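Peer 1: Below are the structure tokens for one structure; questions will follow.
The values are calculated or read from the model by the stated rules, or taken from the named source; none is laboratory data. Bear in mind that the values here come from a model prediction, so they are computed numbers and not experimental data. Please note: Cβ atoms are built from the backbone with ideal geometry, for glycine as well, and neighbour counts cover all protein chains shown. Quick note on the areas: whole protein, heavy atoms, side chains included, nothing else; ligands and nucleic acids left out. Shrake-Rupley method; radii C 1.70, N 1.55, O 1.52, S 1.80 Å.
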Amino acid sequence: HLSIRRQRQMCIRDSRQPVRDFYFSALFIILAFIALYKLAYPYLLAVMVEPLSVINAEDFSDSGNLQKFFSFDVIFYILIVGMMISQGVITGLVIYRRELLESWIGLDFSALLLIWLLGALLIMVLTIMKFLGIRIISYLFDLGKAEFSHFFYLLRLIVFGVTVMILIGAYFVANNFHALESVYGFLISGFFWFYILGVVGLFLIMMNRLSFKKYHLFTYLCLAELVPFLILAKWIMVLGQ
């Protein structure tokens, strides 16, 4: 039994290095893309990552439109966000579904990097689809052009939350791999409640900035945000079991 246990420990140690290489390579690529984005669109990046903009809700004083959303600068930014989210998802799969990844694509560096890039593109497409869905629901509820402000307000919160997860995860990937599972579960739970609070904050902002009744805005946010998010959260919980 001791020899079997030692063999398992050796296998775990051998699989750590490809995961570390993937994690920090992906992080380096993300930082490189952010640096390029800052050179090309310094003002837009400052607006996107400004923490005070969450409190001030300046987006709700501007009018957004579909043409502006599909500009290259916005799509490029959404791609970077997709890369960040994809890194968090792949890390979660490595922690909670290691056997599935090993049987599907393996845990070597190139396989993890490939699935991360494909995941980033998929998340970018899903993010665009989410905006279109919000736009349709906003049209049905006759909210004007509030979907643009709504979408980027919560996208900013997602960026803040995922950034914290990536940075804390980087510390444990490098220094204490064994504790990563428990820490990552705590980070996912924290992100869940952070997003819920963000939706509540969005409701309060829209209630103050838009002349609509409370139940009208509440129903809109339930259809546009809470129901899809709770379904996704339930799927993540099942995956993590």
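Peer 1: Going by what's in this entry, would Ile115 be described as open to solvent by less than 70 Å² (accessible area, probe 1.4 Å) and either among the polar types (S, T, N, Q) or closer than 22 Å to Ser71 by Cα (or both)?
Peer 2: Values: open to solvent by less than 70 Å² (accessible area, probe 1.4 Å): yes; either among the polar types (S, T, N, Q) or closer than 22 Å to Ser71 by Cα (or both): no.
Criteria not met by Ile115.
Peer 1: Still on this structure: Identify all residues within region 162-179 that are closer than 23 Å to Ile78 by Cβ and among the hydroxyl-bearing types (Ser, Thr, Tyr); write none if there are none.
Peer 2: Within region 162-179, just Thr163 meets the criteria.
Peer 1: Would you point out which residue out of Phe72, Phe22 is among the hydrophobic types (A, V, I, L, M, F, W, C), modelled with pLDDT of 80 or more and open to solvent by 90 Å² or more (accessible area, probe 1.4 Å)?
Peer 2: Details: Phe22 fails: open to solvent by 90 Å² or more (accessible area, probe 1.4 Å).
Every option except Phe72 fails the conditions.
Peer 1: Tell me which residues, restricted to region 122-152, are closer than 18 Å to Ser71 by Cα, hydroxyl-bearing (Ser, Thr, Tyr) and at pLDDT below 90.
Peer 2: Residue satisfying the conditions is Ser149 alone.
Peer 1: Can you confirm whether region 47-61 contains a residue that is out of contact with any Asp or Glu (no Cβ under 9 Å at 6 or more places or on another chain), at pLDDT 65 or above and crowded, with 17+ Cβ neighbours inside 10 Å?
Peer 2: Yes; the residues of region 47-61 include at least one that is out of contact with any Asp or Glu (no Cβ under 9 Å at 6 or more places or on another chain), at pLDDT 65 or above and crowded, with 17+ Cβ neighbours inside 10 Å.
Peer 1: Among the residues in region 164-183, are any buried (at least 17 other Cβ atoms within 10 Å of the Cβ), touching a Leu at 6+ places or on another chain (Cβ under 6 Å) and at pLDDT 85 or above?
Peer 2: yes
Peer 1: Additional query: Is it the case, given these coordinates, that Ala35 is over 24 Å from Ile95 (Cα atoms) and at pLDDT 90 or above? Steps first, answer last, please.
Peer 2: Numbers: over 24 Å from Ile95 (Cα atoms): yes; at pLDDT 90 or above: yes.
Yes.
Peer 1: Quickly run through region 199-217 and pick out the residues that are out of contact with any Leu (no Cβ under 9 Å at 6 or more places or on another chain) and more than 21 Å from Gly161 (Cα to Cα).
Peer 2: Listed by number, the residues that qualify are Asn208, Arg209, Ser211, Lys213, Lys214, Tyr215.
Peer 1: If a residue must be under 23 Å from Phe191 (Cβ atoms) and at pLDDT below 80, how many such residues does region 208-231 contain?
Peer 2: The number of residues fulfilling the criteria is 0.
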